[in-house]
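Reviewing the structure listed below.
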Amino acid sequence: ARKHLFEHAQGDWVLSIDSDLDFSGLESSWIESLIGYHTDRDACLTHALLIDGQGRIESAGGTIPPGGEHPAWHRFVGEHLSEHPEVLTDVPLCYAPGSFHFFHRSLLDVVTQDDQYFPAIFGDVDFCYQARAATGRDLWLYPSLQIRHNAHIWTASEGTRLDPTW
């Protein structure tokens, strides 16, 4: 679906999202705020802070941990937002899952979605690495834009069904 979106996108901005995001709690001006944030930072991509219905972090992007053995790692995944106030700080990221990618359409002139990774998330990560390399700009976490995310609800697998408190 992302490859199809990227091939047929029109207009100035592209917002690639998963179907398991809940935008109902956001103010009506959230998209204008997102455009402003992205533009102010001259970002190649911008990623929102994704949280589940219990306030646990679903996605705060990925970064290289200081002294870590991994080249990059998801930040605070599964941790409660209240236990990690540092996640509310604007930071550049190495990558962000494709569950929320926001960027100017001109990025698609220099970056492509690679089919070889389907259906794994590696294509999302590769897209971010390509974007950073091709533009020389950072990918940013926009922590003030917090969106509810029930990861993988569409799979209907155990533990991923819709949270009835939504």
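Loop only per DSSP, at most 10 neighbouring Cβ atoms within 10 Å: give me the GluC sites (Glu not before Pro) in the range 1-86, ordered by residue number.
Here the GluC sites (Glu not before Pro) that fit, given the DSSP loop and packing criteria, are 27, 69.
Taking the Cβ of residue 33 as the center, what net charge do the other residues with Cβ under 12 Å away carry, scoring Lys and Arg +1 and Asp and Glu -1?
After counting each charged neighbour, the total is -3.
The range 1-63: which chymotrypsin sites (Phe, Trp or Tyr not before Pro) are DSSP loop and have at most 15 other beta-carbon atoms within 10 angstrom?
When the chymotrypsin sites (Phe, Trp or Tyr not before Pro) of the range 1-63 are filtered for loop state and at most 15 Cβ neighbours within 10 Å, 23 remain.
Could you give the semi-axes, largest first, of the ellipsoid that matches the range 1-118, computed as the square roots of 5 times the alpha carbon gyration tensor eigenvalues and rounded to whole Å?
24, 19, 15
How far, in nm, would the chain grow between residue 134 and residue 79 when pulled straight, counting 0.36 nm per residue and subtracting the alpha carbon separation?
That works out to 16.5 nm of additional length.
Under the 0.36 nm per residue contour assumption, what length would be gained going from the current alpha-carbon distance of residue 89 and residue 110 to full extension?
Going from the current span to full extension adds 4.6 nm.
Could you provide, to the nearest whole Å², the per residue accessible area of the range 1-78 with probe 1.4 Å?
That works out to 55 Å² for each residue.
The values are calculated or read from the model by the stated rules, or taken from the named source; none is laboratory data. Values in this document were obtained by computation on a predicted structure and should not be read as measured data. Glycine also receives a Cβ, built like all others from the backbone with ideal geometry; neighbour counts cover every protein chain displayed. These area figures cover heavy atoms from the full protein model, side chains too; ligands, DNA and RNA do not enter into them. Shrake-Rupley method; radii C 1.70, N 1.55, O 1.52, S 1.80 Å.
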